Amino acid sequence: MFKLKKVIMMGIFTVLVIGAVQVEAHPTDAQHNEEGYYRAFWVQAFAPGLKTPEEIDQLVEDVSQANMNAIVAQVSRRHDAYYRSDVLPFTEDPAVPQGFDPLGYLIEKAREKGIEVHAWVVVGPMWHPIYGGEPQDPNHIWNLHGPDAADDQTWVTRGYDGSVGNRMQPYLDLGHPDARDHVVEMVTDIVRNYDVDGVHLDYIRYPENAAGNPKGWYGYNPTSLQRFQEETGRTDRPDPADPHWLEWKTEQVNTLVKRVYLEMMAIDSAAKLTAAVVSWGFDDPRHTEWWAMDPVQRAHQDWKRWVQEGYLDYAFVMNYDPDADPTRAARYDAWIEWQKDLPRNRGIVIGPALYLNAPKDSLSQIQRALQPSPAGRHAEGISLYVYNVWSNDSTPRGEIIQMLHEATDLNNHEPPFAAPVPVPEPAWKKAPHGHLLGQVLQGEGKMPLSGVHVLLRRGNNGPVAAELLTDANGYFSVTDLKPGNYRVEINGHKHAQQLTIKPRQVTRAELTQ
């Protein structure tokens, strides 16, 4: 349950942080080699690769042989679990042997080879037609809060006209408080119960507009729309192109990612939060204002802000382009140059699509990703999509693995991964900064209050360190704060709390009004 609070201003407060990590440039070529570099495979669970001990043994051997150092393993396809979960029902995938724990087995085998495991969970889509029918488990969220649920129970986002879109693949509406709690619980469940190196969020965004409909078509879940109206004082159903509506929906994604990051860090500070993020559209990111581009306008995914303000550890950019198309090849080059040069506090991993390319084109894209930009800068890694679909021409798996690490005719005797490298060491994990995760509640029932103006001061009456609004669940959060004493205020001095930020820790605060 939740309670909404009206605020006078429409705009979303931009967080201003005093004493936070400055947005920095990038490693030099020498630093790139010394500090490590991600060489990862995305491994999806819609095809063989993660479902049996034999498949996982082969996967780990392939990754090790190719001199790669990380596996991003899809362990939740559509809010089901390829692991023992306290939150999600176990997968109904018949290919998984009874009693087998794919994630647990993968971690065990990957550890033997020094390979990181990042548990990949899909956030947005609730189900998929490929399953052949509706989920059987009555506790699956599709059955409890899916497209057939009542307005006050559904978590599904709707279009401007009230439509769900694909009934068998509805999306969570990230403005719904209960849906947001569910996402947090999915991630923290994994981190509590498994020694993963990280959790990887996919589809952490709004769905793309339906064919023929304008950008911003989705987001009209009844509960989410009510929140927007009460927080802004409006009574209308905003047009999809309404700039305030776009800003509000984008902030729903921002604040959810930030909360997930801090909730996860509070459990295991070493575990990394990563996310698959979009590089949509044909605007050149080197010469176009970020807010005007498709990642924000179509997906409401402001991931540039995530790596610049410290919302997660690594953004894995889905740079999916076929090199055979000159326009797409040029698009790929523009995006990866911009990614390498982007000033940031967190890491960026380039993600070429093997499945769209012939092996020679994939090799070319890999080599271009590894090279420095014209300014001499690098990304922090490369992740290949996808292990289960090697190429667009049915080249055998063995040849693909070989071309990555051995000199062959296929790679002109210049393999991209000729020798092993370590994973990067995220400097921000060791930096002497602390983080704040607070919540504003109302009354003895402790009902979360959204849209409350929060002020964070350094010291008792010092300068403002951050100014923001509480999210759908009453949370507010700030990353990378300078350690020391702070005062958090709501409604001016009427409700305030003193707190201490400690290095490399998440400080929690609870305020009641």
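The values are calculated or read from the model by the stated rules, or taken from the named source; none is laboratory data. Nothing here was measured: the structure is a model prediction, and the numbers come from that model. Counting neighbours? That spans all protein chains shown, and the Cβs are built from the backbone with ideal geometry, glycine included.
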Note to self: Please go through region 349-387 and give me each residue that is over 15 Å from ASP333 (Cβ atoms), assigned to a strand (DSSP E or B) and touching a Ser or Thr at 6+ places or on another chain (Cβ under 6 Å), ordered by number.
What the structure shows: VAL349
Item checked: strands (runs of 3 or more DSSP E) contained entirely in region 388-461, each with at least 3 residues that are touching a residue at least 40 places away in the same chain (Cβ under 8 Å) and either in contact with an Asp or Glu (Cβ under 9 Å, 6 or more places away or on another chain) or among the acidic types (Asp, Glu) (or both) -> 434-442
Next item on the list: Looking only at region 389-408, decide whether some residue is in the same structural domain as LEU59 (by TED's automatic domain parsing), touching a strand residue (DSSP E or B) at 6+ places or on another chain (Cβ under 8 Å) and not hydrophobic (A, V, I, L, M, F, W, C).
Entry: no
Next item on the list: Could you list all residues from region 93-110 that are free of Cβ contacts under 8 Å to residues at least 40 places away in the same chain and loosely packed, with under 15 Cβ neighbours inside 10 Å?
Entry: PRO94, GLN98, GLY99, GLU108
Notebook entry, point to check: assigned to a strand (DSSP E or B) and among the β-branched types (Val, Ile, Thr): does that describe VAL307?
Noted result: no
Notebook entry, point to check: Restricting attention to region 126-160, which residues are touching a Lys or Arg at 6+ places or on another chain (Cβ under 6 Å) and farther than 17 Å from SER224 by Cβ?
Noted result: TRP127, HIS128
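Given the structure, is TRP290 crowded, with 20+ Cβ neighbours inside 10 Å and closer than 30 Å to GLY434 by Cα? Don't jump to the end; show me each part of the working.
Details: crowded, with 20+ Cβ neighbours inside 10 Å: no; closer than 30 Å to GLY434 by Cα: yes.
Criteria not met by TRP290.
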Notebook entry, point to check: Between a first residue in region 139-158 that is crowded, with 21+ Cβ neighbours inside 10 Å and a second residue that is of a type in the set (Asp, Glu), which pairs have beta carbons less than 7 Å apart while being 6 or more apart in sequence or on different chains?
Noted result: TRP142/GLU134; TRP155/ASP173; TRP155/ASP178; VAL156/ASP173; THR157/ASP173
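Search region 202-234 for residues being among the acidic types (Asp, Glu) and outside any loop (DSSP other than H, G, I, E, B), and hand back the single one that is surrounded by the fewest Cβ atoms within 10 Å (Cβ to Cβ). I'd like the intermediate steps shown before the answer.
Of the residues in region 202-234, the ones among the acidic types (Asp, Glu) are 202, 208, 230-231.
Subset that is outside any loop (DSSP other than H, G, I, E, B): 202, 230-231.
Numbers: ASP202: 23, GLU230: 17, GLU231: 22.
Checking each candidate, the answer is GLU230.
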Next item on the list: Name, by its number, the condition in (1) surrounded by fewer than 19 Cβ atoms within 10 Å (Cβ to Cβ); (2) within 26 Å of ALA315 (Cα to Cα); (3) not aromatic (Phe, Trp, Tyr) that does not hold for ASN473.
Entry: (1)
Checklist line | Pair list, Cβ < 7 Å and 6+ apart or interchain, from region 331-359 residues that are touching a residue at least 60 places away in the same chain (Cβ under 8 Å) and farther than 14 Å from GLY381 by Cβ to residues that are surrounded by fewer than 23 Cβ atoms within 10 Å (Cβ to Cβ) and of a type in the set (Gly, Ala, Ser) | finding: ASP341/SER373; ASP341/ALA375; PRO343/ALA25
Note to self: Being closer than 21 Å to ASN221 by Cβ and assigned by TED's automatic domain parsing to the domain that holds PRO222 narrows it down to one residue among ASP178, ASP101, ASP93, ASP137; which is it?
What the structure shows: ASP178
